[in-house]
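These notes are about the structure you will find just below.
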Amino acid sequence: PAHECVFPQVGVTAQKTMRLLPASGRKATQKVVVVGDQDGVITCFGIKKGEAVPVFKTLPGKKIARLELGGALNTPQEKIFVATGSEVRGFTKRGKQFLTFETNLTESIKAMYVHISGADLFLCASYIYNHYCDCKDQHYYLSGDKINDVLCLPVDKVNCIRPVLACQDRVLRVLQGSDLLYEVEVPGPPTVLALNNGNGGDSGEEVLYGTSDGKLGLTQITGAKPIPKWEIGNEKKRGGILCVDSFDILGDGVKELLVGRDDGMLEIYNFESADDPVLLYDHALSESIASVQGGCVGKDGYDEILASTYSGWLTGLTTEPVHREGGSGEELKLSQEMQSKISSLRSELEHLQMKVHQEREKYQQSSQSSSAVLSVPAFSVNDKFTLNKDDASYSLILEVQTAIDNVLVQSDVPVDLLDVDKNSAVVSFSSCDSEPNSNFLLATYRCQANTTRLELKVRSIEGQYGTLQAYVTPRIQPKTCQVHQYQIKPLSLHQRTHSIDQDRPMNTLMLKGQFSFAEIHSWVVFCLPEVPEKTPAGESVTFYFQNTFLGTQLESTYRKGEGCFKSDNISTISILKDVLSKEATKRKINLSISYDVNEESVRHTLKLIHPKLEYQQLLAKKVHLIDALRELQVHEGNVDFLLPKYRSILEEADQLLEEYKRQPAHLERLYGMITDLFIDKFKFKGTNVKTKVPLLLEILDGCDQDGLITFFEAA
């Protein structure tokens, strides 16, 4: 793609709500764009002579969650289906409504897939999957976690209906009728599914998936078991994947893979070898990419990649060259064409500015009158609060449909704000009293003009739980603000995993009492992230977790009247014991608590922490030496007389300072974890060792692993 061109703007759009209709007419190659927005409006337009030509536009209604195309087998897919609320509507390519199907779902539809014929509809609410054939209920399935996307393998290739659900608990669930056929474990929570090459490959069984932590993979869904084909990690730490498409943009007969991410990154992968895809091209947009499609839209003969972003902008990357070849006559013609377009845009802009000025004056006058009733302008905020496995921090991403003026962040628990490279906002901290109001953080981010997306990073401390609040104020009049709340859970640095190492020394916490399955599940939801809020089906459930900061693990198994929690970190067990006791007391439930402490687990946890401690202590020492070494360098003129280790500190000074700045309280947190481990070990023995903590900190400064283990065992 050579350059970017912008199409009309629609309302705020959800994921997978923009498609390209096949070109109509015998000679036509240009496709028509159809997009649904959260105002409930479907906009359909084509491009002629560089201008958008409307085909049809529907009236506003409930917000559109999905837009898919369908049609009879081996004919152009030009019937438009939209999911809005609990209803599915069908429109022809000219905008005539031919279907209104009110489903029996009590919740809004979150994901939809239309089989080629249009007769089969696969719909998902949060946890519920339904298959309808000719608007009649066929199959139903209740998922163990939230469903993010759904598709069905092509029936003409696999000779059966085989739906695939992308579920939040890091699995793809493959169904047969109303039953689970099998589960496919994937490396992150899958957010989007697509058929490879648009048709499932030669077998029709190949499914692409993208995850919320930015990973991409391909797996073959056979009738018996999954066959993993390839998987791409997120080495560049880019955003989560929201949309994928297959399209031959290079014109070499092989379809490339188009990927849209929630940080605005648009990527093109090609298949140089038959195996793994290789990143060929990327382009950064300023907003999250909700949908991506490939096709000929703007100019006949030139293919484009079309992306729709969160606030409703449609952007095309075209293969049309920017500078045309030819003589001066053609260049002159081009410049005249461009000049007339620029002058028409200028006059349109002036007209709009005048209109805005008039409306603003009108508003000011009406707001000053005694009978004025001020309406607060509504604005949409797209937010995401997720734990990053790589650096054990939480990313808070706030995206607003208009420019952000400032964001105030407040927390009633201690959290560290970490540096984000992509963040250009100016941050200022206010002093706050932690005692009477439990106010530990008050920071204001002032955004530059036209910033619609802000990313923050925070690191919490396990055992300290509460609420992080973001007050979002956009650049609109009158000034208005939205508050968004995010729970910091007691075991906030734990992340769900598929399995754990059963050979580690484990501590066990057992709970017994007169509590229901739903009650103990609600306590686990309160304590740990990534646990579905809905009580699981069945009589009991097991979840596995990993601590992203230390690498320790947790297994939780519970049922009505009984809970068993196992971890190789005694502090995890201690936090669970305190919080679960408190939650049971709130509900006036008596708990019988027993525990089995494995002495070997403390030594094991210390061995896990020590390399991190050693690295951070060495980093801190190097950073403290930088100023003195730089002074020596200026004074002496050269540093040849220094030992190689000091010379290397000077050479790497910028990287060391950058790393230290990114992780401001890393060493402090490690000291805190070791201190907690020491206190918790003896707490289970009924001994208070808080007076020995200063001595422990002295040993930590010495960074001697054997001395540390000896101190733990001797105390």
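The values are calculated or read from the model by the stated rules, or taken from the named source; none is laboratory data. Since we're looking at a predicted model, the values are computed, not measured. We place every Cβ from the backbone using ideal geometry, glycine too, and count neighbours over all the protein chains shown. All accessible areas refer to the heavy atoms of the entire protein, side chains included, with ligands and DNA or RNA removed. Shrake-Rupley method; radii C 1.70, N 1.55, O 1.52, S 1.80 Å.
Go through (1) surrounded by fewer than 14 Cβ atoms within 10 Å (Cβ to Cβ); (2) within 42 Å of the chain's Cα centre (by Cα); (3) aliphatic (A, V, I, L, M) one by one and return the number of the condition Ala714 breaks.
Single failed check for Ala714: (2).
Within the range 377-390, is even one residue of a type in the set (Ser, Thr, Tyr) and open to solvent by 40 Å² or more (accessible area, probe 1.4 Å)?
Scanning the range 377-390 turns up at least one residue that is of a type in the set (Ser, Thr, Tyr) and open to solvent by 40 Å² or more (accessible area, probe 1.4 Å).
On the basis of being at pLDDT below 80, part of a helix (DSSP H, G or I), buried (at least 16 other Cβ atoms within 10 Å of the Cβ) and not assigned by the TED database to the domain that holds Leu418, does Tyr671 make the cut?
no
Quick one: count up the residues across the range 3-49 that are modelled with pLDDT of 85 or more, of a type in the set (Val, Ile, Thr) and not in a strand (DSSP E or B).
Residues that pass the stated criteria total 5.
Output the residue which, of all residues in the range 155-172 that are open to solvent by 10 Å² or more (accessible area, probe 1.4 Å) and more than 20 Å from the chain's Cα centre (by Cα), is nearest to Gly240 (Cα to Cα).
Result: Arg162.
Hey, among the residues in the range 489-512 that are surrounded by fewer than 16 Cβ atoms within 10 Å (Cβ to Cβ) and over 20 Å from the mean Cα position of the chain (by Cα), which one's nearest to Gln168 (Cα to Cα)?
Restricting to residues being surrounded by fewer than 16 Cβ atoms within 10 Å (Cβ to Cβ) and over 20 Å from the mean Cα position of the chain (by Cα), the top hit is Ser499.
Please give the number of the condition Ser424 fails out of (1) within 22 Å of the chain's Cα centre (by Cα); (2) of a type in the set (S, T, N, Q); (3) open to solvent by less than 40 Å² (accessible area, probe 1.4 Å).
(3)
Out of (1) at pLDDT 95 or above; (2) more than 21 Å from the chain's Cα centre (by Cα); (3) among the aliphatic types (A, V, I, L, M), what's the single condition that is false for Val525?
Among (1) at pLDDT 95 or above; (2) more than 21 Å from the chain's Cα centre (by Cα); (3) among the aliphatic types (A, V, I, L, M), the lone unmet condition for Val525 is (2).
Quick one: in the range 50-77, which of the residues that are of a type in the set (A, V, I, L, M, F, W, C) and in a loop (DSSP other than H, G, I, E, B) is least open to solvent (accessible area, probe 1.4 Å)? Lay out the reasoning, then the answer.
Residues of the range 50-77 that are of a type in the set (A, V, I, L, M, F, W, C), as a first pass: 52-53, 55-56, 59, 64-65, 67, 69, 72-73.
Cutting the leftovers down to in a loop (DSSP other than H, G, I, E, B) gives us 59, 72-73.
On the way: Leu59: 149, Ala72: 54, Leu73: 91 Å².
Filtering the range 50-77 for residues that are of a type in the set (A, V, I, L, M, F, W, C) and in a loop (DSSP other than H, G, I, E, B), the one least open to solvent (accessible area, probe 1.4 Å) comes out as Ala72.
Just for the range 286-309: of the residues that are among the hydroxyl-bearing types (Ser, Thr, Tyr) and open to solvent by 10 Å² or more (accessible area, probe 1.4 Å), which one is farthest from Phe247 (Cα to Cα)?
Going through the qualifying residues, I end up with Ser286.
Residues to consider are Leu708, Leu677, Leu695, Leu656; find the one that is of a type in the set (A, V, I, L, M, F, W, C) and open to solvent by 30 Å² or more (accessible area, probe 1.4 Å).
Leu695
In the range 642-667, which residues are over 21 Å from His610 (Cα atoms) and small (Gly, Ala, Ser)?
Selection gives Ser648, Ala653.
Is it fair to say Ile109 is within 15 Å of Gln293 (Cβ to Cβ) and at pLDDT 90 or above?
The answer is no for Ile109.
Scan the range 405-430 and report the pairs whose first residue is closer than 15 Å to Ala392 by Cα and whose second residue is of a type in the set (S, T, N, Q), with Cβ atoms within less than 8 Å and a gap of 6+ or a chain change.
Val415/Ser460; Leu418/Ser393; Leu418/Gln663
If we keep just the residues of the range 190-202 that are touching a residue at least 40 places away in the same chain (Cβ under 8 Å) and open to solvent by 10 Å² or more (accessible area, probe 1.4 Å), which is nearest to Ala14 (Cα to Cα)?
Ranking the qualifying residues of the range 190-202, first place goes to Thr191.
Return yes or no: is Thr535 assigned to a strand (DSSP E or B) and either aliphatic (A, V, I, L, M) or over 21 Å from Asn598 (Cα atoms) (or both)?
Numbers: assigned to a strand (DSSP E or B): no; either aliphatic (A, V, I, L, M) or over 21 Å from Asn598 (Cα atoms) (or both): yes.
Answer is no for this residue.
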